[in-house]
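**Student:** Below you'll find the structure I mean.
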Amino acid sequence: MTRVAIVTGAGGDIGRSASLTLAAAGFAVVAADVDDDGVAATVESIVASGGVGSAAHLDVTDRTNAIEVVEAAKSTGTVGVLVNCAGNLRPTAVIDIAEAEWNLVLSVNLTGTFLCSQAVLAPMREAGWGRIVNLSSTAGKNVSTVGGAHYTAAKAGVLGFTRHLAKEEAAHGITVNAVCPGLIDTQMVRNTITPERQQAYADSFPINRLGTADEVGHLVGFLASDRAAYITGASLDINGGDLMI
């Protein structure tokens, strides 16, 4: 039966790259996002490259919506991969963060990861195989480069959730890992800081450039593959040497 990969945040740069990587590996990809135009573009790219893809509207903060997307995916094959890529970044200083903004950033980045992961566990357990890849950040291990404290807190929470879920699900054939990108050349970053500031950061990194979405997508693809079968509960850095721990 066809193995299905669900990618949240698939309308964004990293989500699109992860979707294309998984499609190239033979997965039928469900590209999910609140950005309907973005996922349509992702699916178009998947199909143009010879892969199988479909679009789904998904608000990761809505438990019912997450379950609906998973149920629809089950009708097309075995749900084998979930990539939790949906994110929300705000650069607001702590003194200025409104409670509603705090809740939004935590809800999308952390609660959304929990809700979508929970929704795929039953079909993955039934199949005896699964790969969950969560997008954290160097912020989760240190401090966000361009985001606020709510982003840092959420991404640290993603790492804790990843470790705990990995321990619970290993016996069911499910691995759970996190990818921790540094500053990546994405639209989200371009919308947050000026080109001059981007260049200043790039000049400060041991590898003097920003990362690419494709580099992150390929790492996600590796963690979703059988080659990574003995890796679980891990957080893999991809940051050009900006953070070495």
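The values are calculated or read from the model by the stated rules, or taken from the named source; none is laboratory data. Only a predicted model underlies this, so the values are computations on that prediction, with no experimental measurement involved. Cβ sites come from the backbone with ideal geometry, for glycine too, and all protein chains shown count toward neighbours. When the accessible area is computed, the model is the full protein with side chains, heavy atoms only, and any ligands, DNA or RNA have been set aside. Shrake-Rupley method; radii C 1.70, N 1.55, O 1.52, S 1.80 Å.
**Student:** Taking all protein chains as present, what is the carbon and sulfur share of the accessible area of the range 20-163, in % to the nearest whole number, probe 1.4 Å? Mind dumping the intermediate values first?
**Tutor:** Working: 3210 of 5950 Å².
Whole-percent figure for carbon plus sulfur exposure: 54.
**Student:** Hey, with R₀ at 41 Å, roughly what FRET efficiency would S49 and A170 work out to, going by the Cβ-Cβ distance, to 0.05?
**Tutor:** The computed FRET efficiency comes out at 0.80.
**Student:** Same structure, new question: Could you tell me which of rounded, prolate or oblate describes the range 62-152, using a ≥ b ≥ c as the square roots of the eigenvalues of the alpha-carbon gyration tensor, with rounded for a/c under 1.5 and, failing that, prolate when a/b is larger than b/c and oblate otherwise?
**Tutor:** Prolate, because a/c is 1.5 or more and a/b exceeds b/c.
**Student:** Could you name the lysines in cross-link range of K155, using Cα to Cα under 16 Å and dropping any fewer than eight places away on the same chain?
**Tutor:** Within the straight-line cut-off, K155 pairs with K141.
**Student:** Under a GNM of the chain (C-alpha, springs under 10 Å), which listed residue has the highest mean-square fluctuation: G112, G26, G182?
**Tutor:** G26
**Student:** In addition: Give the Rg/Rh ratio for the range 178-221, taking Rg as the radius of gyration of the Cα atoms and Rh as the Kirkwood radius, to two decimals. Before the final figure, lay out each step's value.
**Tutor:** Details: Rg = 10.8 Å, Rh = 11.0 Å.
Using Cα coordinates only, the ratio equals 0.98.
**Student:** Amide H neighbours of L236 under 5 Å, counting only residues 5+ apart in sequence or on other chains, H built in-plane at 1.01 Å?
**Tutor:** The list, which skips near neighbours in sequence, is A178, V179, C180.
**Student:** Now, a different point. Using 0.36 nm per residue of separation minus the Cα-Cα distance, give me the extension gain between V94 and A25 in nm, one decimal. List each step's numbers first, then the result.
**Tutor:** Values: separation 69, 0.36 × 69 = 24.84 nm, distance 4.21 nm.
Roughly 20.6 nm would be gained on extension.
**Student:** Let me ask something else. Would you mind computing, in nm to one decimal, how far apart the modelled labels at E68 and E101 are, each placed 7 Å from Cα along Cα→Cβ?
**Tutor:** Spacing of the two 7 Å Cα→Cβ label points: 3.0 nm.
**Student:** Restricting to DSSP H runs of at least four residues, report the calculated mean residue ellipticity at 222 nm for the chain, -39500 (n - 2.57) per run over all residues, nearest 500 deg cm²/dmol. Present the calculation step by step, with values, prior to reporting the outcome.
**Tutor:** On the way: 9 runs with 109 residues, N = 245.
Per the formula, -14000 deg cm²/dmol.
**Student:** Could I ask something else about it? Which semi-axes, in whole Å and largest first, does the equivalent ellipsoid of the chain have when worked out from the alpha carbon gyration tensor as the square roots of 5 times its eigenvalues? Write down the numbers at each step before the final one.
**Tutor:** On the way: eigenvalues 146, 72, 66 Å².
Semi-axes (√(5λ), whole Å): 27, 19, 18.
**Student:** Here's something else I'd like to know. Direction-averaged shadow area of the convex hull around the Cα atoms of the range 10-136, nm²? The partial results should precede the final answer.
**Tutor:** Values: hull surface 31.2 nm².
Its Cα hull, projected and averaged over all orientations, spans 7.8 nm².
**Student:** Skipping prolines and chain starts, which residues have an amide H placed within reach, meaning under 5 Å, of the one on T78, given they are 5 or more residues away or on another chain?
**Tutor:** Correct list: T2, R3, V4.
**Student:** Right, next: Where only protein heavy atoms count, and the probe is 1.4 Å, what is the accessible area per residue for the chain in Å²? The partial results should precede the final answer.
**Tutor:** Numbers: 10830 Å² over 245 residues.
With the other protein chains kept in place, the chain gives 44 Å² per residue.
**Student:** For M188 and A40, compute 0.36 nm times the residue count separating them, minus their Cα-Cα distance, and round to one decimal in nm.
**Tutor:** On the way: separation 148, 0.36 × 148 = 53.28 nm, distance 1.85 nm.
Extending this stretch completely gives an extra 51.4 nm.
**Student:** Provide, as a two-decimal number, the C-alpha radius of gyration of the range 187-245 over 2.2 N^0.38 Å, N being how many residues it has. Mind dumping the intermediate values first?
**Tutor:** Details: Rg = 14.1 Å, N = 59, 2.2 N^0.38 = 10.4 Å.
Working it through for the range 187-245, the quotient is 1.37.
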